[in-house]
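Q: This is the structure I have questions about; it appears just below.
Only the coordinates and a few stated rules stand behind these numbers; no lab work does. The model shown is predicted, which means the values in this text are computed figures rather than measured ones. All Cβ positions, glycine included, derive from the backbone under ideal geometry; neighbour counts span all protein chains shown.
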Amino acid sequence: MSIAILGAGAWGTAVAIAAARHPAQHQVTLWVRDATQAQHMRTHRSNQRYLDGVLLPQNVHIVDGALSDAVGNADLVILGTPVAALRPMLTTLDKMGLQVPVVWLCKGIEPAQASTAIGLLPHEVQRQAAPNIVSGVLSGPSFALEVAQNLPTALVAASEHQHVQDMLIGAFHGKHIRVYGNNDMIGVEVGGAIKNVLAIATGICDGLQLGLNARAALITRGLAEMSRFGVALGGQASTFMGLSGVGDLVLTATGGLSRNRKVGLLLAEGHPLGDILAKLGHVAEGVYCARSVEQRAQQIGVEMPITSAVVRLLEGRTSAQELVLQLLERDPGSESLR
């Protein structure tokens with residue numbers, strides 16, 4: 001298979017490495033936006049900015065310049081861009097008249113645009129920006145570094161089209177990566193987006209040293225929020241009990257490599273958000289999509305107290321300590337994931 005991956009951040013690079021290592025010996029083209037970075041990667045055969053110390057296989061071909069050159073002979077195109085760059089990338093590909101499946105890796109919600117009153121999930125962006133493209137999403141509990149290091153990982157290939165699921169399974173399923181098909185793009189995308197917001201909350205909990213009991217309660221009630229939101233949008237409840245739901249949530253909320261968890265830890269220590277993001281050096285999608293999640297939840301009538309508390313903290317309307325008190329002071333109710 002010939003696979004074009006557009007975007008050489010940590011996850012895009014890790015996916016390129018995984019595809020190139022596959023026993024089928026896929027030919028992988030990794031498109032890099034910045035020509036200087038591309039030349040550096042070709043010279044050193046590594047992405048020192050995002051995955052320092054991991055060598056790129058020889059069948060990963062580093063290119064820059066026109067997108068048309070990168071995707072020209074591809075059987076499958078994978079977008080490794082953040083949510084903020086998804087719309088312009090899809091628009092460009094749609095204008096090319098691309099005939100092969102396009103799959104994205106991003107996990108988040110696009111902020112409201114002039115054309116929409118609400119933030120959109122990636123598949124909704126695609127329907128607006130590139131309605132002729134056949135699409136899918138590759139998601140699940142996966143830190144880029146561990147995938148690049150060939151550690152065991154399980155992923156979800158979600159698409160309304162069975163042949164897209166099959167292509168993703170053929171591209172990545174092997175000795176170290178298991179890929180499970182799923183037709184619930186809504187549920188998979190909701191899980192990938194909201195777990196980032198909940199990881200910020202869990203980082204705050206751990207940063208304040210509130211204990212393991214509090215962490216477990218926060219993750220579980222966060223899962224209830226995620227499930228309510230996703231089902232209200234048309235997702236399947238079972239999806240949130242799987243890899244892209246509880247699996248990705250547990251990983252991102254507790255794993256030491258989680259950028260969103262790191263944001264929460266530093267907020268609990270009193271660091272300004274701007275300083276945290278500058279120091280992080282990578283995109284923490286939970287920071288950018290929290291407000292969009294809250295707005296969308298309000299529109300569809302879904303209560304999301306943890307998400308709303310995180311929004312207030314990110315916007316400077318409360319402190320980490322006050323956030324915890326606000327959640328604890330809520331009226332008691334019945335436990336339900338629905």
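Q: Can you tally the net charge around Met1? Count Lys and Arg as +1, Asp and Glu as -1, for every other residue whose Cβ sits under 15 Å from the Cβ of Met1.
A: It works out to a net charge of -1.
Q: To the nearest 10 degrees, how steep is helix 35-44 against the longest Cα principal axis of the chain, on a 0 to 90 scale?
A: 70
Q: Could you pull out every residue, at least 5 positions away or on a different chain, whose amide H is within less than 5 Å of the one on Ile62? Hs are placed 1.01 Å off N in the peptide plane, and Pro or chain starts have none.
A: Leu30
Q: Now for a separate question. Please sort 36-42, 121-127 by packing, taking for each peptide the average over its residues of neighbouring beta carbons within 10 angstrom, highest first.
A: 121-127, 36-42
Q: Beta carbons within 10 angstrom, averaged per residue: use that to sort the peptides 74-82, 276-284, highest first.
A: Top of the packing list down: 74-82, 276-284.
Q: Show me the ranking of peptides 318-330, 188-200, 85-97 by mean Cβ neighbours inside 10 Å, starting with the highest.
A: Values: 318-330: 14.3, 188-200: 30.8, 85-97: 16.4.
Result, highest mean first: 188-200, 85-97, 318-330.
Q: Further, regarding this structure: Quickly work out the His282-to-Ala112 label distance, labels modelled 7 Å from Cα along the C-beta direction, and quote it in nm with one decimal.
A: Output for this residue pair reads 3.1 nm.
Q: Could you tell me the ratio Rg/Rh of the chain? Both radii from Cα atoms, Rh via Kirkwood. Write out the running numbers ahead of the final one.
A: Details: Rg = 19.5 Å, Rh = 20.2 Å.
Over the Cα atoms of the chain, Rg/Rh equals 0.96.
Q: Now for a different question. Using the Cα centre as the reference, give the magnitude of the dipole from point charges on the C-beta atoms of region 9-147 (Lys, Arg: +1; Asp, Glu: -1; all else neutral), rounded to the nearest 20 debye.
A: For this selection, approximately 80 debye.
Q: What lysines could a cross-link reach from Lys95, if we take a straight Cα to Cα line under 30 Å and drop same-chain neighbours fewer than 8 places away?
A: Candidates past the 8-residue exclusion: Lys107.
Q: Continuing with this model, one more query. What's the local net charge at Ile177, with K and R +1, D and E -1, over the other residues with C-beta under 14 Å away?
A: On the way: positive: Arg21, Lys175, Arg178; negative: Glu146.
Neighbourhood net charge equals +2.
Q: In nm, to one decimal, how far is the modelled label at Ile300 from the one at Arg330, with both set 7 Å along Cα→Cβ?
A: 1.8
Q: Now, a different point. What net charge is computed for the residues neighbouring Met304, neighbours being all others with C-beta under 11 Å from the C-beta of Met304, Lys and Arg scored +1, Asp and Glu -1?
A: Charge balance near Met304 sits at 0.
Q: Please give every one of the lysines within straight-line cross-link reach of Lys279, meaning a C-alpha to C-alpha distance under 18 Å, and leave out same-chain neighbours fewer than 8 residues apart.
A: Within reach: Lys262.
Q: Turning to a different aspect of this structure: Please report, in Å, the Rg and the Dmax of region 194-329, where both are computed over Cα atoms only.
A: Answer for region 194-329, Rg first and Dmax second: 13.8, 39 Å.
Q: Only Lys, Arg, Asp and Glu count, each charged at its Cβ (+1, +1, -1, -1), so figure out the dipole size of region 194-329 about its Cα centre, rounded to 20 debye.
A: About 200 debye.
Q: Lys/Arg Cβ at +1, Asp/Glu Cβ at -1, dipole of the chain taken about the Cα centre: which of His161, Ala214, Leu76 is farthest positive-ward?
A: Checked the options; the winner is Leu76.
Q: Sticking with this one: Pop a pseudo-label 7 angstrom from the Cα along the beta-carbon direction at both Arg33 and Leu257 and give the gap in nm to one decimal.
A: Label-label distance for Arg33 and Leu257, simple model: 2.3 nm.
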